[in-house]
Amino acid sequence: MFIILFLIAIAVGALGALLGIGGGIITVPLLTVLFHIPIKAAIGASLISVIATSTAAGAVYAGQSLTHTRLGMVLAVGTTLGALTGGLTAAFLSPRVLQGMFAVLLPFVMFSMRQLPSDEAARPALGALNTAYMDPFTGRVVRYGVRRLPLGWSTAFIAGNLSGLLGVGGGFINVPIMSVVMGVPLKATIATSNFMVGMTAATSALVYYAKGLIDPQVAVPIALGVLVGAQLGSWFGTRARSLTLKRLFQILLLILAIQMAWKAITG
Amino acid sequence: MRRQIDYARLIPGIDVAEISEEDEAALRTIASTRQIDRIVQRLLMVTLVVSAILFIAGAIWQVVAHLPPVHHVTQIADLTHTNGPDLLFSLGLIVLIVSPILRLIGVAVGLAQQGDWAFVGVTALVLAVMLASLWIG
């Protein structure tokens, strides 16, 4: 099983790093359905996988200076505070209702991602926290600013609140918020989202570790595979066309919408 | 000449002759970002290498010594009372789990070096919220 988990984790890590999603939404169903691993051990291994993705991808993205660290931290205050107060939302909404809401919302987000520009260099440097990076694919300097920061922060707070309830890291929510709402280029968005999901997962992983809920026989092969896969995914991500990343992310959102709708219907 | 040397070092392969005034401002931003990113990259590489070595050594030890697999991590307080692959796996997992926290500390150091105290404060706030989550969890 060690080798199989290791090989699967390479693919999960590559996809997670490539799209800035961490990979928890893929790991947990895979481990529970295919390997019949108890749900808590699967979540524990998934948290380790998200951290490994964030750390391995972070090392590559830091080398390219793609991560907007300041924005990541401003939004992380929102998502972590949101997750902390998740209990308030739990009192009003059941996970099934939330899954149903996401099943409706995600196709809309997928559709709104169509408006993202294919040429990142064409963005005007407007808004707060203006910064720049060098696109390794085009070799051009991309200057950009963050638009609608208060709205983005509020959405990040709500996303953190909801993602805790749904048991997901929130990468698939962070990416549309930053790219569609705040006007951050997709490559910078993915790198920054990778940074953020690592912080969120670390908090939960420490709790899981302290409660002894991490099974090393599952978590270790996954961590090793993800460390390899995430390096590959982030290497490809920095060199891929933004259009390719956008298309891949839209496909992921569609799959997630179907998954959420299925869970909402079947419970 | 100074401009050429700085930018060529900053972004290998860049066509310095084509740098506009606007790009020059952007490149200054990239330079300050890279200062922080270099600290972060080194920290992350160290944690990656250390955890990978511990995992691989533990796996080899487990296979070579034909030891039965242990399905739980050893708590930090008990690490001195255990040995073998279990110890290596548990240590590797701890190193990996704390890597995002080390990254935050690295960012705070980089921001402090640049005198960006407002964002050092934001980093401290993120760490405080993470600790609060941990305490509640």
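The values are calculated or read from the model by the stated rules, or taken from the named source; none is laboratory data. Here the structure is a predicted model, which means the values were calculated and not measured. Here the Cβ is made from the backbone with ideal geometry for all residues, glycine too, and neighbour counts use every protein chain on show. Protein only, heavy atoms only, side chains kept; ligands, DNA and RNA dropped before computing areas. Shrake-Rupley method; radii C 1.70, N 1.55, O 1.52, S 1.80 Å.
A compact table of results
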item: Accessible area of the protein assembly as shown belonging to carbon and sulfur atoms, whole % at 1.4 Å probe; result: 70
item: Semi-axes of the equivalent ellipsoid for segment A:17-100, Cα gyration tensor, largest first, Å; result: 26, 22, 10
item: Area hidden from solvent between B and A (accessible, protein heavy atoms only, 1.4 Å, total, Å²); result: 4800
item: Residues of type lysines that A:Lys246 reaches as a straight line, Cα spacing below 29 Å, ignoring anything fewer than 8 places off in the same chain; result: A:Lys187, A:Lys263
item: All lysines inside 20 Å of A:Lys211 as judged from Cα atoms, apart from same-chain residues fewer than 8 positions distant; result: A:Lys40
item: Cβ-based charge dipole, the protein assembly as shown, positive-most Cα from B:Val64, A:Ala159, A:Leu75; result: A:Ala159
item: Charge dipole magnitude, Cβ of K and R +1, D and E -1 - the protein assembly as shown, Cα centre, debye nearest 20; result: 480
item: Shielding by partners, peptide B:54-66 (average Cβ within 10 angstrom, other chains); result: 2
item: Farthest positive-ward along chain A dipole, Cα basis, beta-carbon charges - from A:Leu129, A:Gln231, A:Leu84; result: A:Leu129
item: Solvent exposure of the protein assembly as shown as accessible area per residue, Å², 1.4 Å probe; result: 43
item: By accessible area with a 1.4 Å probe, ligands and nucleic acids excluded, highest first: order of A:Leu186, A:Leu7; result: A:Leu7, A:Leu186
item: Debye intensity ratio I(q)/I(0), log10, segment B:41-136, q values 0.19, 0.22, 0.23 Å⁻¹ (C-alpha model); result: -0.93, -1.07, -1.11
item: Shape category assigned to segment A:127-229 from the gyration tensor of Cα positions, a/c cut at 1.5; result: oblate
item: Accessible-area value, B:Arg103, 1.4 Å probe, nucleic acids and ligands omitted, Å²; result: 10
item: Test item: A:12-18 mean partner chain Cβ contacts at 10 Å; result: 0
item: Inter-chain shielding of B:118-130 (mean C-beta neighbours from other protein chains, 10 Å cut-off); result: 5
